[in-house]
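Working notes, beginning with the structure itself.
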Amino acid sequence: MISPFREKLRKALLAFFGILFFLFLFGPFYWMVATSMMTEQEMLSVPPKLFPSEPTLQNYGIILGIGDAETLKEARNRAPAVFEIRPALINSMMIGVLVAIANLLIATPAAYAFARLRFNFSLSLLMIYIATRMVPPIMLVVPMFLIVRTVGLIDTPLALIITYTVFTVPFSIWLLQSYFRSMPAELEDAALIDGCSRWQSVRHVLLPLAVPGLTCVAILSFMGSWSEFLFAVVFTKTTASRTLPVVAASFVDTSSIQFDYVMTAGVITALPPFLLALIFQRFIVGGLSAGAVKG
Amino acid sequence: MAAVTIRKAHKTYGATPVLHGVSIDIEDGEFVVLVGPSGCGKSTLLRMIAGLEHITTGEIAIGDKVVNTVPPKERDIAMVFQNYALYPHMTVAQNMGFALRMSGRPKAEIDARVRRAASILALEPYLARYPKQLSGGQRQRVAMGRAIVRDPSVFLFDEPLSNLDAKLRVQMRTEIKELHQRLGTTTIYVTHDQIEAMTMADRIVVMHDGVIEQIGAPLELYDTPANTFVASFIGSPAMNMLKGTLKGGDIPFVDTGKAQIPVPGAAAAAVGRAVTVGIRPESLELAENGIAATVVVVEPTGAEILVVADIGGGTYVTAAFHQRYALRPGAPIHLAPAPGQVHLFDDETGIRL
Ligand SMILES: Nc1ncnc2c1ncn2[C@@H]1O[C@H](COP(=O)(O)OP(=O)(O)O)[C@@H](O)[C@H]1O
Ligand SMILES: [Mg+2]
């Protein structure tokens, strides 16, 4: 029997560390959002301000090219790169979506084969796929750069789409195969008997049931490519292919740091994954845990 | 409706043989139960009939058409799975109508047929529900509904009642049998439960380790089991099996070393052989003189009392009495088999003598 006092103490300590941990995680994020809504003077004031006194979306406007000529001109003087954010946003979106689609198209049939067919070394093969993900990306960046340069894809979105697809597909296959495995094979048998061809049984029974797993794979591969920095910074040069993380980082140079723009770009970079996770968290957790239990 | 013929069907998975040449002739409209311990290949055989498993060698014909290479959807069969395999993302009505939808029937016809099947199975109130909103028994019914909606030539059932509780199982047993009497569709039913087999089948196929041990009507198997496997598999509680030697005389008898069991009418040619005597529990009666035994356990079931008795050296036999004898553990009794109710098997081959 725990005494009431010790019970209270336990709760208080738990609450204390809970709050501490929350601040630790949430603090930087808050600071980023708050700074992105401040003017330059306010941001640089001493002592630093915790809240923007007059929250403004001006920085967001500038990035999207909205605002009066005066403001835009001033922004151009401070950091010309600010106008690269919009094309970078479009690049990042396009790359992320195409990587997600490529993952679905490649990983779904592969995972189905792994889940349903018995063939020699299927588990070993799956292990090798996953093992490729254990190689630190930094080891691959130079050889990959040479390949990309040789085939003439430097500074094209295609280079990043291919690279990210290669890196995300193994995990997607792993995740989907364990998802498919968790669905009774009798469902497809029943569909075959009910008059489906193999393809129809996949289309009418397997895929509708796999929607949570497919969503999970799409989102995870989108997020994986969305925030990737190393390969993006090496493979890209101009607005033709630069992605958001690269452009956001470019505000930090040796002579000056435009914190407000960095923070604004940061918020824009963080927003899509955040929203996706928020909307689809049920699918993501479900998809991952199906993998965890059955994999 | 159609007859089903299985001729010397073999199945191997990789190098592992599972079925070793199975032949069964199932007549049109017959209710045949494949029964056997789990792992003996019943499901494999059923799935071969359904077209879900490749036939390694041999031939399966439905009607007069050999279907070895015919895909499941063209075999005109319906199957009920042990886990029901209801489509979780479809309502009961959609589940039941799925096959008709796939065959491109008009919507009005699908609705009408689903409704008719639902009324046969008392499923009308649940048509709009999803499988997860149903109880186990209701799901089982939907699985049957999905099969009967199509009016196929053959029904295949793979242990459809295993996931139900005992009471519901007995009830569904009756319902399935009734349904068969009503529709008259050829039915192949797989179970590991010999009581299900006995109560439902027109004919039972007893399987063991990928071979057929015996095919026959329920009472035929019960009264004249072809070998020791069938003898001990069919009937509950199981038949008592005692080893001994057949001795001649006026009335031939089996000497088990502890008891002498008269076997009137045993073939004289078998005298001197090592044999196994089988006596069903209900064939044993209390007697003045017979096999001396000591009562070990008394199990009243209500309809009868089961008495497990030690006939010496730790060999137990079970007797079932309809009369409510007052027997206590430790009591000495004498048991005698009813005349003519003794089964004799060759000890080595297990085959009935
Ligand atoms: N896909 C398969 N691959 C390999 N062996 C299998 C496969 N399916 C079944 N078996 C084996 O075949 C034997 C018979 O299985 P099954 O037909 O399911 O038995 P039952 O239904 O009588 O319990 C079992 O020993 C089982 O391990
Ligand atoms: Mg089985």
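The values are calculated or read from the model by the stated rules, or taken from the named source; none is laboratory data. Fair warning: this is a prediction, and the values are worked out from it, not measured in the lab. Cβ coordinates were reconstructed from backbone atoms using ideal geometry, including for glycine residues, and neighbour counts include every protein chain displayed. Side chains are part of the model used for accessible areas, which takes the heavy atoms of the whole protein and leaves out ligands, DNA and RNA. Shrake-Rupley method; radii C 1.70, N 1.55, O 1.52, S 1.80 Å.
A few points about this structure:
- Residue match in region B:84-101 (condition: crowded, with 19+ Cβ neighbours inside 10 Å, part of a loop (DSSP other than H, G, I, E, B) and within 16 Å of ligand 1 (Cβ to nearest atom)): yes
- Residue within region A:115-132 that is open to solvent by 80 Å² or more (accessible area, probe 1.4 Å), over 30 Å from A:LEU271 (Cβ atoms) and within 20 Å of the chain's Cα centre (by Cα) present: no
- Number of positions in region A:178-191 that are within 7 Å of another protein chain (Cβ to nearest Cβ) and either at positive phi or under 35 Å from the mean Cα position of the chain (by Cα) (or both): 2
- Residue within region B:58-70 that is out of contact with any helix residue (DSSP H, G or I) (no Cβ under 6 Å at 6 or more places or on another chain), away from ligand 2 (no atom under 16 Å from the Cβ) and over 23 Å from B:ALA147 (Cα atoms) present: yes
- Strands (runs of 3 or more DSSP E) lying entirely in region B:287-341 (those with 1 or more residues that are open to solvent by 60 Å² or more (accessible area, probe 1.4 Å)): B:316-321, B:332-337
- Some residue of region B:32-46 being buried (at least 18 other Cβ atoms within 10 Å of the Cβ) and away from ligand 1 (no atom under 12 Å from the Cβ): yes
- For region B:3-31, a tally of residues being open to solvent by 50 Å² or more (accessible area, probe 1.4 Å) and more than 12 Å from ligand 1 (Cβ to nearest atom) returns 7.
- If the condition is being among the hydrophobic types (A, V, I, L, M, F, W, C) and either farther than 20 Å from A:ILE193 by Cβ or within 16 Å of ligand 2 (Cβ to nearest atom) (or both), then region B:10-31 contributes B:ALA15, B:VAL18, B:LEU19, B:VAL22, B:ILE24.
- For region A:45-65, residues that are open to solvent by 40 Å² or more (accessible area, probe 1.4 Å), in contact with a helix residue (DSSP H, G or I) (Cβ under 8 Å, 6 or more places away or on another chain) and of a type in the set (A, V, I, L, M) total 2.
- Pick from region B:111-126, criterion open to solvent by less than 20 Å² (accessible area, probe 1.4 Å) and outside any helix (DSSP H, G or I), ranking: farthest from B:THR185 (Cα to Cα): B:LEU123
- Screening the candidates A:ASP194, A:ASP155 for the property of being closer than 19 Å to A:LEU98 by Cα and either more than 14 Å from chain B (Cβ to nearest Cβ) or in contact with a strand residue (DSSP E or B) (Cβ under 9 Å, 6 or more places away or on another chain) (or both) yields one hit, A:ASP155.
- Of all the listed residues (B:LEU46, B:LEU34), the sole one being within 13 Å of ligand 2 (Cβ to nearest atom), within 14 Å of another protein chain (Cβ to nearest Cβ), out of contact with any Cys (no Cβ under 7 Å at 6 or more places or on another chain) and at pLDDT 95 or above is B:LEU46.
- Residues that are open to solvent by less than 40 Å² (accessible area, probe 1.4 Å), more than 11 Å from chain A (Cβ to nearest Cβ) and either more than 16 Å from ligand 1 (Cβ to nearest atom) or closer than 14 Å to B:ILE188 by Cα (or both) within region B:50-80 comprise B:ILE60, B:ALA61, B:ILE62, B:GLY63, B:VAL67, B:VAL70, listed in sequence order.
- Evaluated against (1) touching a strand residue (DSSP E or B) at 6+ places or on another chain (Cβ under 7 Å); (2) under 26 Å from B:GLU348 (Cβ atoms); (3) at pLDDT 90 or above, B:ALA274 falls short on exactly one condition, (3).
- Leading residue by the ranking (nearest to ligand 1 (Cβ to nearest atom)) among those in region B:106-141 that are more than 14 Å from every other protein chain (Cβ to nearest Cβ) and of a type in the set (Ser, Thr, Tyr): B:SER135
Each row is one residue, and each column tells you yes or no for (1) at positive phi; (2) hydrophobic (A, V, I, L, M, F, W, C); (3) within 16 Å of ligand 2 (Cβ to nearest atom).
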site: B:ALA85; (1), (2), (3): yes, yes, yes
site: B:GLN94; (1), (2), (3): no, no, no
site: B:LYS107; (1), (2), (3): no, no, no
site: B:ILE120; (1), (2), (3): no, yes, no
site: B:ARG129; (1), (2), (3): no, no, no
site: B:GLN138; (1), (2), (3): no, no, no
site: B:ALA143; (1), (2), (3): no, yes, yes
site: B:ALA166; (1), (2), (3): no, yes, no
